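To start, the structure itself, in C-alpha cells.
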Amino acid sequence: MSKRSRRRAGDSWQPTLDRVEQVKKLSQTPPTSSRGYQNQLKNGKLWVRDRIALLVDPGTFSEIGSVTGTPTFSPGSNNLESFVPTNFLSGLARIDSRRVAVAADDFTIRAGHADGALYQKAAYIESLAQSLYIPLVRLVDGSSGGGSVAVYRDLGYTYVPPSTGAGWITMIESLSIIPVCGIILGPAVGLGAAKVSTTHFSVICSDVGSLFNAGPVVVERAGIEEGLTNADLGGPGVVCTNGAIDNFAGTEAECFALVRRFLSYLPSSVLDLPPRVPYTALPPAEREARAAALDTAVPTNRSRGYAIRPIIRNLFDDGSFLELGPAWGSPAIVGFARLRGHAVSVVAFDVESPSLGALTAAAAAKLKRHLELASLFGLPVVQLVDMPGFAIGSRAEREGTMRAGVACIRAYYAASVPIFSVILRKVYGIAGAFLVDHKLPHYRLAWPSGEWGSLPLDGGIEAAFAHDLKLARQTGGQAGHDALLAKLQAEFNVLADPIRTAMSFNIEEIVRPGLTRNVLAEWTELMYGTVLKQRLRQVRARVQQTARM
C-alpha cells in the first residue's frame, strides 16, 4: 500500500459532518426568541415542523435540503457566524403508510415570502413528486412571489417576474399525473394563492386562513377599497362560497385530517388503481333499516321535496362519504364514497336548494371539475339524478348558464371512467339528457318515482295545447278551460307511468330503492375487475409513449 493511499491517523470527515449537524440543529430548533415565531404562536398558528408532524405518519418525514438557508461566514473562513434557515421546507413522508411529498412555508421567517427561499428547492420537490409518481401536499402560509420591494435593494435592480424558473411548468404537468393538495394555514398571497389553487383539493383553516391576489394594504393603496381585513378579502366565507377553495376546517389538525382522507380515495398516480380498504358489512337489522329508509326517501307527492344527503349515507359504505366543495355550486353535490371498500365518485342534486335542483352555472362548473378529477384518477362515478333542467330566469341568463352547462356536457362525453345513473325522480331537458344518456351502453336504473321527458307535464301541457285551451276559455269560460286542462292532465299522467317507459326499454330497469345499494356494489366490483383494469393499461401505455418523446 502506497503512502498516499495509506490513511493517516486522525484523518476524518467528521469535522464537515459536525458542521452539517450544527446547521441542521439550527434549522430544526424552534426559534422561540424570534419575533416571527412568537407572532406565529400568538396568532394561534403552529410552527411549520409541528404542522408536518401532524400531517404525516409519525417519524416518516425525511427532509430534503435540510441545511438550505442564508449563512454568514467569518471573513476568509468557513466559520459560521449566523444562519437563517430557508422559509420553505420539503421532503418525503408517508400518509397512511403511502409515500407522499410535502412542501411547506415557514411564516416565521420573512412571513413566508418566496424571495426568502431558494426557487430551486421549491421547484425540486415539485419535480421529484412527479418523477416518483407520488402525491404532493402543499402547506401554504404566506409565500407571495415577490415578497416585498426590499429584495430589490439586495439585488441592486428590479426584475421581470419569473415563471419557468419557479417550477410552474412542472406544477401544471403534475395536475395530470399525481394528486396535488393544498392547505391554507395563513395568508395565501399572490404566488401562494396560485399554488394552492393549482391543486385537485384545497382546504382552508377557518381561524387563520385567507386567500387573495393582493392583501388589504395593497388593495387600499390602489384606491379600490378601504378598511378590509384578510377575512373580508379572502376568508373562508369568500373563497369557499365562490369555489376558489374546496373545503374548510376549524383547526389545522382538522385540515390535515381532511387531506389525509381525500388522498385515501385516490391512487398515488394515474398509473395505479384507486386503493380498496377493508370492508365489514353492517348487521342485518341495520341493513334492513337503511333499505327501508331508501324505500320511502322520495315522497309519493311529487310536489314535495326530500333530503338527498341521507340517501347518500344509506347507499354507500357506513361513514364513507366525503363531500367536496359543500359551500358552493348548489344544487350539485359531489364527493367520494365507497362501495364494499371500493372508492367511487359521487354526484347528486339537492332538490331543496334555492334552484329546486335545476342546474345553475356554478353547479355545472362544479360538476365539470369533479368529473374531470374522477376521470383522471380512475374512479367510477355513481350519480343520483333528479334534474328538472337548466336553471331559468334572468339571473340564470346573466350567469351564462347554458355556456357553463355545455362545458359540463363536454366533460361527460370526454370521461374515461364508467358512470352509473340512478334516476330518483326527474330527468328533463338537455341537462337531464346529458346526465343519463352520454354514452353507450347505459349503466342506469330508475326508482319507481321516476319521471322524464323533454318538458315536465306541469307547464308543458299548457304550452303544447295553448291554442286549444284558449278556445275552451272563449267558448266555456274559465270552467271550460279548467275542464280541458284537467282532461289533458289525466291523459298525460297515464302516459307518464314509468312502467310504460320500461316496457319500451327506454329505461333499462325500475328497482325497489332499498335494493339499489346491492346493484351499485355489484356494478362497482365488475368495473374494477374489468373496465378499469383495461383503462389503466391504456393510461400506462400513453404515459410510456409520452416519456419516450
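Bear in mind these aren't lab numbers, they're just calculated from the coordinates by the rules spelled out. Predicted model, so just to flag it, every value in this text is computed and none were measured. In this analysis, Cβ positions are derived from the backbone assuming ideal geometry, glycine residues included, and neighbour counts consider all displayed protein chains.
Quick notes
- Of [x] 115, 63, 49; [y] 86, 74, 48; [z] 118, 49, 49, the label for Cα extents along the principal axes in Å derived from the coordinates: [x]
- Under the span-like rule (Cα at least 15 Å along the axis, Kyte-Doolittle mean at least 0.0), DSSP H helices of the chain: 252-264, 361-377, 401-414
- Remark: for residue pairs Lys426/Lys487; Lys24/Lys45; Lys426/Lys470; Lys368/Lys470; Lys366/Lys533, the C-alpha separation exceeds 32 Å in Lys368/Lys470.
- Cα shape, the range 379-523, gyration tensor, a/c 1.5 rule: oblate
- Structural descriptor for the chain: relative contact order 8 percent, calculated from alpha carbon pairs under 8 angstrom and at least 6 residues apart.
- Descending by average beta-carbon neighbour count within 10 Å, the peptides 215-221, 490-496, 241-247 line up as 241-247, 215-221, 490-496, the highest first.
- Separation between Cα centres of the range 339-368 and the range 407-462, rounded to whole Å: 13 Å
- Ordering of 337-345, 294-302, 126-134 by packing [mean C-beta count within 10 Å, highest first]: 337-345, 126-134, 294-302
- Span from the the range 490-514 Cα centroid across to the the range 373-403 one, whole angstrom: 25 Å
- For the chain, DSSP calls about 40 percent of its internal beta bridges antiparallel.
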